[in-house]
Amino acid sequence: MSVRRSLAALPFLSSIVVGCYGDIELQACTYVDDPTGCSDGPGAPTTVGSTSGGTEGGDTEGGGASEGPAPTTSAPGVTTGNASETFGTPETGDPVDDPPWVAEIVCDPEIAKEVGPTLVTYTASADAVEAELLDDGVVIATAPVGEPLVFPVIGAATNNPGSELTVRVRDAGGQTAEASIFQPSVVGPPGGEIWKTIEQNDGQQSMGVGVAQQDGLALSAGVVWDGMQVLGTLRRFDEGGKWFGVPGAWTKAHPTWTGIAPLKPENVGPTALAVDAEGFIVFAATAIMLGEPRMYVVRFSPDGELVWELLHNPGTEARGVGVMPDGTIYVTGGIRTNDAPELWDMATWVYGADKTAHGVDVFRESKALDPANEWSERGRGVAVLKDGRVGVVGTREIWDPITNKLLLRGVVLLYEAHAIRVGEWSSTGNLGLQDALLAVTATDDGLAACGYVQADPNAKTQLVVRWFDDALQEQAPRVETSMGASTCNAVGYAREGRTIVGGSLVETGFGANAWIFAVEDAASPLVEYLKLDGPTQGTDQVAALACDYTCAWTGSLQVGNHFQWITGMFRG
C-alpha cells in the first residue's frame, strides 16, 4: 500500500529533504537520525513538518521555525511541532498547508468469495473532508470522510481474480492523498461446486435428510444404521466439507445428547433443520418408541450443545421446521387420528426459543365433505417469509368420484404471530389427478413450493414447481416433463433470485439420479447444476436444500443394497 500526492503542491520539499521520494512515490519524511530524512515505519502515509528547533538557513525573523519544545505526534505517521509553534516556508514565511493523509485501509470481507457488498474502511487526517473509492482507477463511490465506502462484488467475470481498490481523500483546499489495497476475489459461477462429501461405503448405511447453513457452514441431519438401531445424527462441516478430525467440525448421534433415558436405545429419524438469527440449531425428527411415532424437537447451541429437547405424545410426527427472527419455532407434521387404516390430520405447533408452547393449529378437511374424518392431511415443510409470516406446505386427500379413489392435493397455509392461520390455498388438480407439494422456501415476494403431479394412475410422476405472492396468489406453475419419473423433494431460493430445485429424475438405464437445477419462473430456461448417478445405478436423491448466496444440500446414493449419506455445497 502506498501514498500518492501531487508534488506540484509541495515545491519546497526538495530543498528540505533529499531522497525522500522517487518518481511518483512519496514516503513519510521527517527529521530523524536517518540522514535521508525518510521514515519507513508501519506503512502509514504521512505529511511533512519541521521537527527541530529551526530549519537550516532559516531564523525566527525569516519565517523559519523557532526553537521550542520537542515535537509531538498527533496522528499515525504525522509529526508536528508544539501547538504554540508556527511553521512557514523558508522562502516566504507563509504558513504551510499540509496535504491530507490516508492509511489503514481494510476490506470486509478480506477476500471476495460471494456476490455482495465489500465495506472499505480507512483512517484519514483530520483535515480530509471527502473520500472516493476507485476500482482499477475508476471512481465507483464517494462519501464524506469517516463513512465506509461500498465496493460491489457482482460476479466471477467482473471481479475475479481480484480488484485494486484505492481510497483517495481530499481536503478543503483540494489537496489529495490516496492509498491502495488489493482484494482477492474467488467468486464462483452459478452452480459451481464448492465441495461434495460422500459417506464411506463401509457396510453401515446412512442417509442425509435435512440441511441448513450456519455462518456459511453446512449443517446436515441424517440417520446412521448402527446394527439394529437407527441413530438420529447431526453434523457440522468445515469450509472444505469435512465433519471429522478438523477444528470446528463435529458429528453427534442422539444417544450422546439426549437426557430422555427411554429414548437412548430407540430409533430417531430426523426430517428437517433450521438455524435462528443467533446461530442456534433446531432439529426436527420423528422418534419411534415402543412402536409408536412421536414428534421430537431439539434446540442446540451454535456449537451443538443441547439446550432443550421435547418429545411429544405417541401418534405425532414432525416433518418440517422453521424459525422466525425472534426465535419462535414452527414445526409441521401430523397427529394420527386412526391406527388401522392409518389416518392423519395436518398439525403445526409453535414454540418459543425457551421451549414455551404457544399452541397448535390442526388442519383437516371440512366435516361437510369428510364427516367421519377418513381422509388424511399431513404437513411437509415450513418457510419463514420476508414479511415475518410463515408458510407451511403439505398434502391433503380428496375423494374423486370418477376414479372412486382418494387423490392427493397440495396445500399451502399462511400463519402470523403464534399459529394464527390467515391464508389457505389448495391445488385443484388442474395439472394432474395427483398433485402433491413436499417442500417450500421463501422468495423475495412470497414463497415457492414443489412436489410432483401425475396425470393418471398409470402415468409417471412429473416434478412441479409453484410460485405464490405474499397473499397466496399463485403465479404460473412449472411442470418438468421427462421420459422417466421425477419428483421434487427440496427447494431453495438464491440471493440473486433463482429458484433452486432438488429431487430425483429416473433416466432409462440409469435408475433414479440425484438432480439439482435452477429456474426463475415457469418460462425461463432450466439451468442444470447437478445430475448424479451413483456407482450402482440405484435410487439416488437430493432430500433437502438450504440456499442464500451458496446452497447446501444433502441426500443419499444407493450402492448395492446400502445407502450412503451425501452432502455438498455449490454457488447458488
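The set of residues from segment 114-141 being over 18 Å from R495 (Cα atoms), hydrophobic (A, V, I, L, M, F, W, C) and surrounded by 15 or more Cβ atoms within 10 Å (Cβ to Cβ) comprises V120, A124, A128, V129, A131, L133, L134, I140, A141. Would you tally the residues in segment 494-527 being surrounded by 15 or more Cβ atoms within 10 Å (Cβ to Cβ), touching a Phe, Trp or Tyr at 6+ places or on another chain (Cβ under 8 Å) and either more than 25 Å from A272 (Cα to Cα) or aliphatic (A, V, I, L, M) (or both)? Adding up the residues that qualify gives 6.
Residue count for segment 327-362, restricted to those that are surrounded by fewer than 18 Cβ atoms within 10 Å (Cβ to Cβ) and either touching a Cys at 6+ places or on another chain (Cβ under 7 Å) or among the acidic types (D, E) (or both): 3. Inspection of segment 177-189 identifies no residue that is over 22 Å from E104 (Cα atoms), charged (D, E, K, R) and surrounded by 18 or more Cβ atoms within 10 Å (Cβ to Cβ).
Pull up segment 443-493, narrow it to residues that are among the aromatic types (F, W, Y) and open to solvent by 10 Å² or more (accessible area, probe 1.4 Å), then point me to the one that is farthest from S504 (Cα to Cα).
It comes out as W467.
More than 23 Å from A546 (Cβ to Cβ), among the small types (G, A, S) and either part of a loop (DSSP other than H, G, I, E, B) or open to solvent by 50 Å² or more (accessible area, probe 1.4 Å) (or both), is that true of G432? Yes: the conditions hold for G432. Quick one: is V422 open to solvent by 60 Å² or more (accessible area, probe 1.4 Å), among the β-branched types (V, I, T) and not in a loop (DSSP other than H, G, I, E, B)? Yes; evaluated as a whole, the condition is true for this residue. Among the strands (runs of 3 or more DSSP E) confined to segment 190-305, the ones with at least 1 residues that are among the aromatic types (F, W, Y) and crowded, with 21+ Cβ neighbours inside 10 Å are located at 281-289, 292-300. Determine if segment 373-382 includes at least one residue that is surrounded by fewer than 18 Cβ atoms within 10 Å (Cβ to Cβ), touching a residue at least 60 places away in the same chain (Cβ under 8 Å), assigned to a strand (DSSP E or B) and of a type outside the set (F, W, Y). No, every residue in segment 373-382 fails to be surrounded by fewer than 18 Cβ atoms within 10 Å (Cβ to Cβ), touching a residue at least 60 places away in the same chain (Cβ under 8 Å), assigned to a strand (DSSP E or B) and of a type outside the set (F, W, Y).
Given the criterion closer than 21 Å to T332 by Cα and in a loop (DSSP other than H, G, I, E, B), identify the matching residue among L437, L447, L472. Just a single option satisfies the conditions, and that option is L472.
Restricting attention to segment 528-553, the residues that are part of a strand (DSSP E or B) and either among the small types (G, A, S) or over 28 Å from the mean Cα position of the chain (by Cα) (or both) total 5.
Filtering segment 142-166 to residues that are surrounded by fewer than 17 Cβ atoms within 10 Å (Cβ to Cβ) and touching a strand residue (DSSP E or B) at 6+ places or on another chain (Cβ under 7 Å) leaves T142, A143, P144, V150, P152, N160, P161, G162, E164.
Find the residue count for segment 315-326, including only residues that are under 24 Å from the mean Cα position of the chain (by Cα) and either modelled with pLDDT of 95 or more or crowded, with 17+ Cβ neighbours inside 10 Å (or both). The total comes to 6. When each of A459, A514, A523 is tested for being among the hydrophobic types (A, V, I, L, M, F, W, C), touching a Leu at 6+ places or on another chain (Cβ under 9 Å) and not in a strand (DSSP E or B), the lone residue that passes is A459.
The values are calculated or read from the model by the stated rules, or taken from the named source; none is laboratory data. The model shown is predicted, which means the values in this text are computed figures rather than measured ones. Virtual Cβ from ideal backbone geometry, glycine too; neighbours counted across all protein chains shown. Ligands, DNA and RNA are stripped out before the accessible areas are found, and what is left, the full protein with its side chains, is counted by its heavy atoms. Shrake-Rupley method; radii C 1.70, N 1.55, O 1.52, S 1.80 Å.
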